[in-house]
Amino acid sequence: MNQIINEKKFIAERTGIPYANLSQAYLRAETVLGSLSQYSFQLQGNNVATPTITERLLNLNDEFVMTHLTIAVKNVTTAGTVPTDAEQLDAPLYTFSPALIFTTNVEPVFNSSFSLTIDRKEFLPQFPCRFFKRVPDTQYTATTQPSYTNGLYGFAPFEPVKIDGRQTINAVLDLGAAATMAAAAGSTNYAVLEVRGYLVVNAKN
């Protein structure tokens, strides 16, 4: 039987959400890298005044059941002081820190840990970000992008966790100590959290 059907059946039984209400979807939150020891990802749209064009955030009345997640990095080159939508959309995600792209080393992201706390309950106390690191086998040059072998490349599977737009969600990248990862002038480095799973629209009124 199709894996998605099995997942939806399990989630419906586990959470009480009707099978027909579960739609495949994803969330994506981004944070600018600087010289901090911790970085927070905001998954809820209500907490972000001006999201980037590439973010996908949870609406106030929606629910989301997470089944997979990854953390990647990106560098956005900009002609102005703030990246434009087009510049954000042009920036690839990387599962490692290629020196050809990042003038400042962002390897600390993959040597850190990720924690997820929902309404003060720890769901992922200290997950190693090294799990998300993938260095492609194919040759990488100025004109060749690295290969991605499947749709869940670099994603970690975990037991389905339900969140909604009104909870207190703390998604934190913890380096343990401050590290300089700010990009050189004319570009911006980001850490990107992407979560795959199932969306329930207007679950809460």
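The values are calculated or read from the model by the stated rules, or taken from the named source; none is laboratory data. Everything numeric here is computed off the predicted structure, so don't read it as measured data. Methodologically, a virtual Cβ is constructed for each residue, glycine included, from the backbone with ideal geometry; neighbour enumeration extends over all protein chains shown. What goes into the accessible areas is simple: the full protein's heavy atoms, side chains included, and nothing from ligands, DNA or RNA. Shrake-Rupley method; radii C 1.70, N 1.55, O 1.52, S 1.80 Å.
Just to check your reading of the model, which residue among Pro108, Pro51, Pro98 is open to solvent by less than 40 Å² (accessible area, probe 1.4 Å) and in a loop (DSSP other than H, G, I, E, B)?
Pro98
Among the residues of region 50-59, are any free of Cβ contacts under 8 Å to residues at least 24 places away in the same chain and either of a type outside the set (D, E, K, R) or touching a helix residue (DSSP H, G or I) at 6+ places or on another chain (Cβ under 6 Å) (or both)?
yes
Please go through (1) assigned to a helix (DSSP H, G or I); (2) of a type in the set (Gly, Ala, Ser); (3) within 15 Å of the chain's Cα centre (by Cα) for Ala72 and return the number of the only condition it doesn't satisfy.
Answer for Ala72: the failing condition is (1).
Quick check on Phe114: is it buried (at least 16 other Cβ atoms within 10 Å of the Cβ) and under 24 Å from Phe64 (Cβ atoms)?
Judged against the criteria, Phe114 is a match.
Can you find, within region 165-205, the residue that is least open to solvent (accessible area, probe 1.4 Å) among those that are of a type in the set (D, E, K, R) and modelled with pLDDT of 95 or more?
The selected residue is Glu194.
All but one of (1) touching a residue at least 24 places away in the same chain (Cβ under 8 Å); (2) part of a loop (DSSP other than H, G, I, E, B); (3) closer than 20 Å to Tyr26 by Cβ; (4) not aliphatic (A, V, I, L, M) hold for Asn46; which doesn't?
(2)
Mind checking which pairs have a first residue in region 1-27 that is under 16 Å from Leu58 (Cβ atoms) and a second that is surrounded by 10 or more Cβ atoms within 10 Å (Cβ to Cβ) and small (Gly, Ala, Ser), Cβ under 7 Å, 6 or more apart or different chains?
If the second residue must be surrounded by 10 or more Cβ atoms within 10 Å (Cβ to Cβ) and small (Gly, Ala, Ser), the pairs left are Leu22/Ala12; Ala25/Gly197.
Within region 20-33, which residues are loosely packed, with under 15 Cβ neighbours inside 10 Å and not in a strand (DSSP E or B)?
Within region 20-33, Ala20 is the sole residue that qualifies.
So, in region 117-143, how many residues would count as being at pLDDT below 85, open to solvent by less than 60 Å² (accessible area, probe 1.4 Å) and polar (S, T, N, Q)?
1
Scanning for something within 24 Å of Phe10 (Cβ to Cβ), in contact with a strand residue (DSSP E or B) (Cβ under 8 Å, 6 or more places away or on another chain) and polar (S, T, N, Q), does region 55-68 turn up at least one residue?
yes
Looking at region 28-41 only, could you name the residues that are over 19 Å from Leu58 (Cβ atoms) and aliphatic (A, V, I, L, M)?
Correct list: Val32, Leu33, Leu36.
Filter region 68-94 for residues that are among the β-branched types (Val, Ile, Thr) and modelled with pLDDT under 95; which is surrounded by the most Cβ atoms within 10 Å (Cβ to Cβ)?
The selected residue is Thr78.
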